[in-house]
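One structure below.
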Amino acid sequence: MLPVGIDLVVATQADRPLLERLLQLYEYDYSEYAGVDVDEGGLFPTLDAGELLEPEPDDHVFLIRVDGQVAGFAFVTRHESYVEPGKSYLIDEFLVLRKYRRRGVGEQVARTLFDRFPGRWDVGTVHGNRVAQAFWRRVIARYTGGDFRELPDGGERWAGPIWAFESRPPPR
């Protein structure tokens, strides 16, 4: 359950223009690590928002709102685990706008997602993104009570650290 004022809303096709703009902000933040430049029109190449919003059954796109204001997005999917055979959940993309960082929004949203999708999880970041690494290490350690695996690299499929753990829905 999210604290009062923080909402996680399923994104729909009506949210496509908003998601396209948020993806630009996401790519701007990520360009520091990916080395991506804007095109001649000043736009970053991004994921296709239309495709994200026509997800497969195991894909979920959420908008994050704080006190009704757009504060970011999260994309959860299932994939072949980086860590062990079989499927796991993956936070494929995650953006909390700078204004809302260091206020507990990201952690509350992550915990809510882990609870909403019980089972095996992989969370990964790129090698250079030390801020994201510290965030995910701290959030996952608190969420799991320290019961997680951290791998320094995902091998050929992912270049960066990965945290693997099991989530369980909260008791009712």
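For this structure, a couple of remarks:
- Sparsely packed trypsin sites (Lys or Arg not before Pro) within segment 79-165, loop by DSSP, other Cβ within 10 Å at most 15: Arg101, Arg102, Arg103, Arg157
- Multiplying the residue separation of Arg103 and His79 by 0.36 nm and subtracting their alpha-carbon distance yields 5.6 nm.
- Semi-axis lengths, largest first, of the ellipsoid equivalent to segment 6-167 are 24, 19, 17 Å, with √(5λ) applied to each eigenvalue of the Cα gyration tensor.
- In segment 95-135, chymotrypsin sites (Phe, Trp or Tyr not before Pro) in a DSSP loop with at most 15 other beta-carbon atoms within 10 Å: none
- Filtered GluC sites (Glu not before Pro), segment 77-163: DSSP coil and at most 16 other beta carbons within 10 Å: Glu156
- Positive-end residue, segment 6-167 charge dipole about Cα centroid, Cβ charges, pick of Gly145, Gln69, Ala110: Gly145
- Cα pair count fraction exceeding 15 Å, expressed as % - segment 68-125: 51
- Using the Cβ-Cβ distance between Glu166 and Glu32 with R0 set to 41 Å, the FRET efficiency from 1/(1 + (r/R0)^6) comes to roughly 0.80.
- Check: the chain dipole with +1 on Lys, Arg Cβ and -1 on Asp, Glu Cβ, in debye: 1140
Throughout, read-outs are computed from the coordinates displayed, never taken from laboratory work. None of the values given here were measured: they were computed from a predicted structure. Virtual Cβ from ideal backbone geometry, glycine too; neighbours counted across all protein chains shown.
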